[in-house]
Amino acid sequence: MANNKRIGLLTSGGDCAGLNAVIRAVVNRADELGWTVIGIKEGTAGLLTRPLRYEVLKPEMFSGHMMRQGGTVLGTTNKGNPFAYPMADGSVKDRADEIIGGIRELGIDSVIGIGGDGSFAILRKLFGRGNINFVGIPKTIDNDVGLTEYSVGFDTAVMVATEALDRLQPTAASHARVMVLEVMGRDAGHIALNAGIAGGADVILIPEIDYSVEGVAAKIEKVRSQGRNFALVVVSEAVKTLDGGVRQKEYHGGEKRFGGIGDYLSEKIATATGAETRVTVLGHVQRGSSPTWNDRMIASAFGVHAVDLVAEGKFDRMVAWTNRQVVDVSIEEAIANYQAVSSDSALVRTARGLGIYIGD
Ligand code: F6P
């Protein structure tokens, strides 16, 4: 086995807890093999500037707290598709060759990219153009990457959302309120579904299953008839309004993100039930904490396996978690099998079995 490999490592797309644990695992495993890891800054953005922005990563640089920290020491970005890069004058430019040139300049043999399906689609096209060896490690709080049961960051996000429900329950009971918790997840309702079950929600609304305000109100009435004075509602950010619209927030510069469905529903619930309602929008809090043991464990297993794939010369693969073990799958197939919540999944049946209203 060649003893002089140089692996490029980057984090791409939205951050989440557990990324630093992946970076540590890749660096430690590569070090075991005597290889060099070049950490590229801010996704592919570090390869667009000259001088290039990177750092040679060594195990001794990471003191014991590395795997316990949220975020990514490499930085990341979910903007700037290199094939249609937004330029200062408002035009877009194909800058893929500049990135490929940067990889060649650094003498990198293979790139390990930590990303979600959107990042993988771009990175695969990019490295395909440059004939650069690529291995993917799935991360996203949304847990929507196909062919893997878990992506790094999901478990922590669910833990944070569950803890939010734990904190909302006593204040809800004290004030006899209906508490609406809006969680992230984009078009996939995994965070809402998992946290809703774990946190004792009465209503869980996810983008994959249609709902009615009458259904939500009937559940709240039932809870009241059983002598309980409060209710917990979890809603996923991409749940639609009754007329099929999407609630979004526009940020400075015109960028839009999901946001506002909690407020919308709170008003509808108050009108339909007469209950006093309050809304909590959890937002980026779900991405930012110290990773759970499960995210650290998966991150470590993924990082080691990704380096081992490079050692075996297996490329265009994504590491994945399935049936209690780490495997690898085709990145192309993983991207093609977007993982939303299936309406007949075990957890949806569990929610219904618990009497949770999850739609019609
Ligand atoms: O994909 C991860 C995610 O956190 C989504 O759940 C959320 O909709 C989005 O990213 C938020 O993006 P940003 O960090 O750009 O606000």
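If r is the Cβ-Cβ distance from R68 to L242 and R0 is 51 Å, what FRET efficiency results, to the nearest 0.05?
0.70
Count charges around N81 for me, please; just the other residues with Cβ under 11 Å from its Cβ, Lys/Arg as +1, Asp/Glu as -1.
On the way: positive: K79, K93, R95, K125; negative: D94.
Taking every Cβ under 11 Å from that of N81, the sum is +3.
Whenever you get a sec, line up W293, W35, W321 from highest to lowest accessible area (probe 1.4 Å, protein heavy atoms). Provide the component values of the computation, followed by the final result.
Values: W293 180, W35 15, W321 35 Å².
Result of the area sort, largest leading: W293, W321, W35.
What does the C-alpha gyration tensor say about the overall shape of segment 1-116? Classify as rounded when a/c is under 1.5, otherwise prolate if a/b is larger than b/c, or oblate.
Here segment 1-116 falls in the oblate category.
E149 versus A173, label points 7 Å from Cα toward the beta carbon: distance in nm?
Distance between the two pseudo-spin positions: 3.3 nm.
What net charge is computed for the residues neighbouring D328, neighbours being all others with C-beta under 15 Å from the C-beta of D328, Lys and Arg scored +1, Asp and Glu -1?
After counting each charged neighbour, the total is -2.
What relative contact order, as a whole-number percentage, does the chain give when Cα pairs under 8 Å and 6 or more residues apart are counted? Before the final figure, lay out the partial values.
Values: 798 pairs, mean separation 79.6, N = 360.
Normalised by residue count, the contact order of the chain is 22 percent.
Tell me, what is the 1.4 Å probe accessible area of H284, in Å² to the nearest 10?
110 Å²
Based on the Cα coordinates of segment 1-58, what is the per residue volume of their convex hull in Å³?
In segment 1-58, the Cα convex hull volume per residue is 80 Å³.
Decide, for segment 64-136, between rounded, prolate and oblate: order the square roots of the alpha carbon gyration tensor eigenvalues as a ≥ b ≥ c, take rounded if a/c falls under 1.5, and otherwise choose prolate if a/b is larger than b/c, else oblate. Please report the intermediate quantities before stating the final value.
Details: a/c = 1.93, a/b = 1.33, b/c = 1.45.
It is oblate, given that a/c is not under 1.5 and a/b is not larger than b/c.
With every atom except the alpha carbons ignored, what do you get for Rg and Dmax of segment 208-286, in angstroms?
14.1, 49
How large is log10 I(q)/I(0) at q = 0.17, 0.18 Å⁻¹ when the Debye formula is applied to the Cα atoms of segment 144-246, each weighted equally and without solvent?
Taken in order of the listed q values, log10 I(q)/I(0) reads -0.78, -0.86.
Could you give me the radius of gyration and the Dmax of segment 61-189, taking only the C-alpha atoms into account and expressing both in angstrom?
For segment 61-189, the Cα-based Rg and Dmax read 19.8, 63 Å.
Determine which lysines satisfy two conditions relative to K93: a Cα distance under 26 Å, and not lying fewer than 8 residues away in the same chain.
Reachable lysines: K41, K79, K125, K256.
Quote the charge dipole size of the chain about the Cα centre in Debye, to the nearest 20; the model charges only the Cβ of Lys and Arg (+1) and of Asp and Glu (-1).
500 debye
What lysines does K222 reach when the alpha-carbon gap must be under 18 Å and sequence neighbours fewer than 8 apart in one chain are set aside?
Candidates past the 8-residue exclusion: K268.
Using Cα-Cα distances under 8 Å and only pairs 6 or more residues apart, what relative contact order does segment 77-175 have, in percent?
17 percent
Grab the other residues whose beta carbon is less than 12 angstrom from that of R317, score K and R as +1, D and E as -1, and report the net.
The answer is -4.
Given V327, G244, I103, which one lies farthest toward the positive end of the charge dipole of the chain, if we put +1 on the Cβ of every Lys and Arg and -1 on the Cβ of every Asp and Glu?
So the residue we want is I103.
Along the principal axes of its C-alpha atoms, what lengths does segment 251-360 span, in descending order and rounded to whole Å?
63, 44, 29
Send over a whole-number figure in Å² for the accessible area per residue of the chain, probe 1.4 Å.
Result: 43 Å² per residue.
Which aspartates and glutamates have a Cα less than 13 Å from the Cα of K139, not counting those fewer than 8 places away in the same chain?
Candidates past the 8-residue exclusion: D15, D117, E149, D155, D295.
Using alpha carbons only, how many degrees (0 to 90, rounded to 10) separate the axis of helix 261-273 from the longest principal axis of the chain?
Here the helix axis deviates by roughly 10 degrees.
Above 39 Å lies some portion of the pair distances; for the chain, what is it as a whole percent of all C-alpha pairs?
In whole percent, the long-distance tail amounts to 21.
At a 1.4 Å probe radius, carbon and sulfur cover how many percent of the accessible area of segment 1-158?
The C+S portion of the solvent-accessible surface of segment 1-158 is 46 percent.
The values are calculated or read from the model by the stated rules, or taken from the named source; none is laboratory data. It should be emphasised that the depicted structure is a prediction, and the values quoted were computed from it without experimental measurement. Neighbour counts run over all protein chains shown; Cβ positions are idealised from the backbone, glycine included. Accessible surface is based on the protein model in full, side chains and every heavy atom, while ligands, DNA and RNA are left aside. Shrake-Rupley method; radii C 1.70, N 1.55, O 1.52, S 1.80 Å.
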